[in-house]
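The values are calculated or read from the model by the stated rules, or taken from the named source; none is laboratory data. Note that this is a predicted model, so its numbers are computed, not measured. Cβ placement follows ideal geometry from the backbone for every residue including glycine, while neighbour counts extend to all protein chains displayed. Only protein heavy atoms, including side chains, enter the accessible area calculation; ligands, DNA and RNA are left aside. Shrake-Rupley method; radii C 1.70, N 1.55, O 1.52, S 1.80 Å.
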Amino acid sequence: MITVQISKDGKPLIWSAEVTVFLYVFVEWIRLREEYRIVGGLIGVLPNLPNQEVLNGLPMSLLPEETTLLLEKNIICLKTFPSLSRCPGEGVVKAFKHHCRSVQVEQADQMKEERKSALLGLVDKIVEGRRRKRLGLDTKKKRKKGKSAENTDNDAEEKEKIVELLKPIEEIERKTVLDEELAKIPPLSRENTLVQTFTTYPWLSPEDACPVNWTFPSNEEERTRYLTFKDLWTKGFYITTGHKFGGDFLVYPGDPVKFHSHFIVVCVSYTNSMSVHQLISYGRLGSSVRKTVVLASLPQDSSEVKFQSIKWAGSSAVPFS
Amino acid sequence: MNNGNIHPVLKDLLAFGCGDQRIPPAAFAVFMDLSEVRAVWDLQYQFCKALDIIYLTGRENVSDIETNIYLPLPASYTVSPAWLEKVQNSLSTKNRGLILAFKDADSTVVYYQITEGLVTPDSLEIVQERKASEERRRLLQTELWRKRSQLYEMAKHNSNSINDNEHTA
């Protein structure tokens, strides 16, 4: 069972539903999509790419139709967490602070570890540099320069120094240098640590979960929408919301990532008349985007949705049409 | 009104006794467009009393086996899914395409095919093919239009020579 968190936000977000259903967990999202052809809508920000809105990330919001279908098929269970809208209690505050501290300490340790391994590679060079300094020997570059300027009169002394310089480095010397260098590292300040952005709420306990009274579909209009969705889903299509094209649903023959949608489904009342202009605008829309506009309606006292496909079939020879 | 001066088809259409006064003129406009512009084959018109509509039947191409049902409606008409289904059932459109022909006040006619169920849209290849054939037709028409005076002269010349021949004969 997948637990879908539900949060009340007061304003109608999807088709006059007062509640929007969110799903936060990646594996569950991919499972719903691949196994159950439920696409939903990603409304979150990708942690790695926060400054764009072409690709969205979790959470996924579910359409009311998707929610009802998944509930009916016993694939998900809806839970609400009232504790999420309350001020966090003392325990949670403590846990959060502790978590922040431990993350900081971990990062400081990690940084020290990395600095140490970097220093280990350099330690021989540092030792050599120090020896040179102590012996008053110049670096190679400086020495070359010096040699050309003044002739070598104190060669013997120089030789002695070089012998001293090239003596093998003792382990103890290495260790002292390393310790000295490590001591020089300043402590990691708070500003320089990374702050974790949570993608789920880590301190949610199962006891906080409350059952949700899910009422969609509650009227005739919603019933038409739901049964239309279910019918198309049963036929094996992928369905997303159709706002983009002025319909109720967009119907895809496969995963929307790989396919263009075939149908723009508009849910209408079975008996209410619509003007011819309305019908023409549907047909025109369909032909201009190479999709079929389908009217879906539910006859009274029936649970079988009727579909009518509209297809442009030409017009009289009008100039400038 | 002098009935002697009106088109025989319009006369027939008016004589059906359609309750909706807007239907016969719409049907006539659609008839004219179908017969004169689109050159539909075996064009016929009938009246359905139960639905109070006039409908036309015909084939788009001479080779077509399938007949289409054209349903002329004025642009001020309203339709509902229930009504569409009733039309489909009573005109037995199972094997025939039902094409609604909406006629506007300026005598523009637009055609929309209504089919029960889900009809997959045409593939890109079909659309491209159709566009190409339309393009060819348009080219032919412009060519004809450009050479119209030449054609006219040719026709005149030919008919004159025929007339001359007749006279001499």
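Things worth noting here:
- Residue under evaluation B:Cys48, criteria (1) within 14 Å of chain A (Cβ to nearest Cβ); (2) surrounded by 14 or more Cβ atoms within 10 Å (Cβ to Cβ), criterion not met: (1)
- Residue in the range A:263-278 that is within 9 Å of chain B (Cβ to nearest Cβ), surrounded by fewer than 19 Cβ atoms within 10 Å (Cβ to Cβ) and hydrophobic (A, V, I, L, M, F, W, C) present: yes
- Residue in the range A:72-94 that is open to solvent by less than 30 Å² (accessible area, probe 1.4 Å), among the polar types (S, T, N, Q), under 30 Å from A:Gly242 (Cβ atoms) and not in a helix (DSSP H, G or I) present: no
- Check on A:Trp214, out of contact with any Phe, Trp or Tyr (no Cβ under 6 Å at 6 or more places or on another chain) and either under 26 Å from A:Arg33 (Cβ atoms) or at the interface with another protein chain (Cβ under 9 Å from one of its Cβ atoms) (or both): yes
- 3 or more residues out of contact with any helix residue (DSSP H, G or I) (no Cβ under 8 Å at 6 or more places or on another chain) and at the interface with chain A (Cβ under 7 Å from one of its Cβ atoms): qualifying helices (runs of 4 or more DSSP H) within the range B:76-169: B:81-90
- Screening B:Asp20 on (1) within 30 Å of A:Thr224 (Cβ to Cβ); (2) at the interface with another protein chain (Cβ under 9 Å from one of its Cβ atoms); (3) exposed (fewer than 15 other Cβ atoms within 10 Å of the Cβ) shows it passes everything except condition (2).
- Complete set of residues in the range A:162-210 that are touching a residue at least 60 places away in the same chain (Cβ under 8 Å), open to solvent by less than 90 Å² (accessible area, probe 1.4 Å) and either in a helix (DSSP H, G or I) or on the phi > 0 side of the Ramachandran plot (or both): A:Leu178, A:Glu181, A:Leu182, A:Asp208
- Top-ranked residue of the range B:58-75 - restricted to ones that are touching a strand residue (DSSP E or B) at 6+ places or on another chain (Cβ under 6 Å), farther than 20 Å from A:Met274 by Cα and assigned to a loop (DSSP other than H, G, I, E, B), ranked as least open to solvent (accessible area, probe 1.4 Å): B:Thr67
- Residue match in the range A:288-295 (condition: more than 7 Å from every other protein chain (Cβ to nearest Cβ) and in a helix (DSSP H, G or I)): yes
- Test result for B:Ala39, out of contact with any helix residue (DSSP H, G or I) (no Cβ under 7 Å at 6 or more places or on another chain), within 13 Å of chain A (Cβ to nearest Cβ), part of a loop (DSSP other than H, G, I, E, B) and of a type in the set (A, V, I, L, M, F, W, C): yes
- Flag if A:Pro256 is at the interface with another protein chain (Cβ under 9 Å from one of its Cβ atoms) and either surrounded by fewer than 23 Cβ atoms within 10 Å (Cβ to Cβ) or not in a loop (DSSP other than H, G, I, E, B) (or both): no
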